[in-house]
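First up is the structure itself, then whatever we jot down about it.
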Amino acid sequence: MKTTVLVVDDELLIRKSLSQVLRERGYRVELASTGAEGMEKLEAARPQVMILDMRLPDADGLTVLGRAREVDPLLQVIVITAYGDVQSAVDAMKAGACDFVRKPYEMEDIVLAVESAGRSFRQSRELDLYRRQAWRHYSGEEIVGRSSPMREVQGLIDKVVRSQATSVLITGESGSGKELVARAIHYRSDRGQAPLMEINCSSFHENLLENELFGHERGAFTDASETKKGLVELCDGGTLFLDEVADMPLATQAKLLRFLDHRNFKRVGGAQDIVVDIRIVAATNKDLEAEVRGGRFRHDLYFRLKVVRIHMPPLRDRKEDITLLAHHFLREFSRKFQKKFRDLGPGAVQRLGDYPWPGNVRELKNVIERVVLLEDGDRLDAEHLPPEVLGGTSTESFVSLGESTSLRTLAQIEADHIDEVLRLTAGNKSRAARILGISRQGLIEKLRRLKAEENIGRQVS
């Protein structure tokens with residue numbers, strides 16, 4: 001798709017020359033000699049780039065710039081200013097212009113500015129599209145669950161997004177969905193059109209984490225060749241999500257506490273206070289009170305972060321949501337991998353409900369993804385599930401075995417397990433062997449060695 005450029009200038013010669021050069025470079029060009037005509041062309045043609053003379057016969061260039069940005073916030077405006085009129089250029093940049101060119105200018109300067117503006121428009125459009133998709137995805141639709149604990153979570157999210165709470169602490173086991181809650185809080189609030197910045201505090205050394213959060217000034221340290229904005233500054237108006245906040249070094253905790261208290265900060269190596277308006281959402285799978293008692297987390301920061309606390313329950317405590325989540329992921333991955341799975345068989349529902357899900361929702365999602373990717377059909381049955389879900393390695397399976405094997409030999413336990421897997425697979429030795437993690441021939445040898453052919457083999461076709 002060709003980039004459309006709108007040239008608004010009252011000088012006929014400039015309009016003609018710009019039109020000729022830009023069209024030769026492959027651009028579509030619209031021309032206007034006044035501010036009013038420029039606004040009409042803007043409404044009709046919807047250009048991506050505008051070249052705007054700051055001195056027009058019927059309007060002030062800044063006024064036209066402001067109106068144009070109201071019509072299309074993504075529009076990239078290049079202003080043309082008189083030589084030496086620095087203040088006009090400064091005012092235009094503050095008002096949203098992406099670049100300025102001073103008269104007299106070389107035509108190549110204009111062309112380079114248009115090329116850069118076109119790239120910026122495409123990037124802005126992609127970012128805007130991503131934000132809109134993210135809003136639809138994370139505005140609460142993705143948090144699946146009808147259980148009592150999840151209704152409580154949804155209720156707290158609703159209260160937070162309607163409030164001005166600036167600090168939220170999300171707790172819960174790994175894989176329970178803390179990130180989804182953080183994103184729902186952001187995209188469902190009035191901050192949803194502003195940036196959401198996420199950082200895993202356990203992934204950075206102390207100095208690097210501080211730099212990522214607060215940025216640095218040029219020359220602040222050996223490799224600081226340019227000024228860098230940190231995530232706190234970049235998400236002004238939006239939300240900063242601090243994942244694994246319990247792993248934040250104590251020195252960085254002190255700087256974060258100061259920011260929470262004063263709502264301003266200094267870049268590393270900087271002297272100027274920078275004021276931002278952001279919401280802090282922190283998450284951890286650790287017991288922060290225990291971390292405070294152990295001296296690994298500041299008690300004052302803990303209380304500042306947990307203005308509102310949302311606890312994500314483990315999946316084993318919301319068993320009624322398991323089938324609902326499994327259906328949700330089944331539809332999602334069937335679309336993704338172009339498969340035909342539409343339903344869960346009763347055996348699969350039973351096995352999914354019996355498994356303790358130590359990895360929580362993330363583990364369930366991974367299991368369904370793997371099954372849909374590797375298997376075919378229109379129904380996910382128990383025989384499709386991996387060994388751990390069928391009882392081979394789950395915590396509950398080990399407990400039940402331990403409680404019931406005091407008078408049984410290891411051979412008897414192994415025989416019973418093979419019997420159960422063969423029953424679930426309707427006697428299909430190949431599938432049973434795959435679930436057991438051995439070859440088909442290995443299964444036959446085990447049956448022979450355990451002398452179980454007579455008892456177990458009755459179920460085998």
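The values are calculated or read from the model by the stated rules, or taken from the named source; none is laboratory data. Just so we're clear, the structure is a prediction, and the values are computed from it rather than from any experiment. Using ideal geometry, Cβ is built from the backbone for each residue, glycine included, and neighbour counts are taken over all protein chains shown. Side chains are part of the model used for accessible areas, which takes the heavy atoms of the whole protein and leaves out ligands, DNA and RNA. Shrake-Rupley method; radii C 1.70, N 1.55, O 1.52, S 1.80 Å.
On a full-extension model of 0.36 nm per residue, what is the gain between Val21 and Lys159, subtracting their alpha-carbon distance, rounded to one decimal in nm?
44.1 nm
In what order, largest first, do Met312, Met93 sit by accessible area if the probe radius is 1.4 Å?
In descending accessible area the options line up as Met93, Met312.
Using Cα atoms only, what is the angle between the long axis of helix 360-374 and the major principal axis of the chain, expressed in degrees (0 to 90) to the nearest 10?
That helix lies at roughly 80 degrees to the long axis.
If you rank Glu40, Glu108, Glu414, Glu70 by how much accessible surface each has, with a 1.4 Å probe, what is the order from largest down?
From most accessible down to least: Glu70, Glu40, Glu108, Glu414.
Which whole-angstrom value gives the distance between the alpha carbon centres of the stretch 188-222 and the stretch 68-108?
The stretch 188-222 and the stretch 68-108 have Cα centres separated by 31 Å.
Using a simple spin-label model with points 7 Å from Cα along the Cα→Cβ vector, what separation in nm is obtained for Arg342 and Arg309?
Placing both labels 7 Å beyond Cα along the Cβ direction yields 4.7 nm.
Express in Å², to the nearest 10, the accessible area of Asp128 obtained by rolling a 1.4 Å probe over the protein heavy atoms while all chains stay in place.
40 Å²
At 1.4 Å probe size, with the rest of the protein present, what percent of the exposed accessible area of the chain is carbon and sulfur atoms?
Accessible surface attributable to carbon and sulfur in the chain totals 49 percent.
On full extension of the chain, what length is gained from Asp378 through Glu420, given 0.36 nm per residue of separation minus the C-alpha to C-alpha distance?
Extra length available between Asp378 and Glu420 comes to 12.7 nm.
Could you give the angle, 0 to 90 degrees to the nearest 10, between helix 322-336's Cα long axis and the longest principal axis of the Cα atoms of the chain?
So the helix axis and the longest Cα principal axis differ by about 60 degrees.
Return the calculated 222 nm mean residue ellipticity for the chain, to the nearest 500 deg cm²/dmol, obtained by summing -39500 (n - 2.57) across DSSP H runs with n ≥ 4 and dividing by the residue count.
For the chain, the value works out to -15000 deg cm²/dmol.
Mind checking the angle between helix 12-24 and the chain's longest principal axis? C-alpha axes, 0 to 90 degrees, to the nearest 10.
Long axis of 12-24 versus the principal axis of the chain: about 30 degrees.
In Å², and per residue, what accessible area does the chain have when probed at 1.4 Å with the other protein chains present?
I get 51 Å² per residue for the chain.
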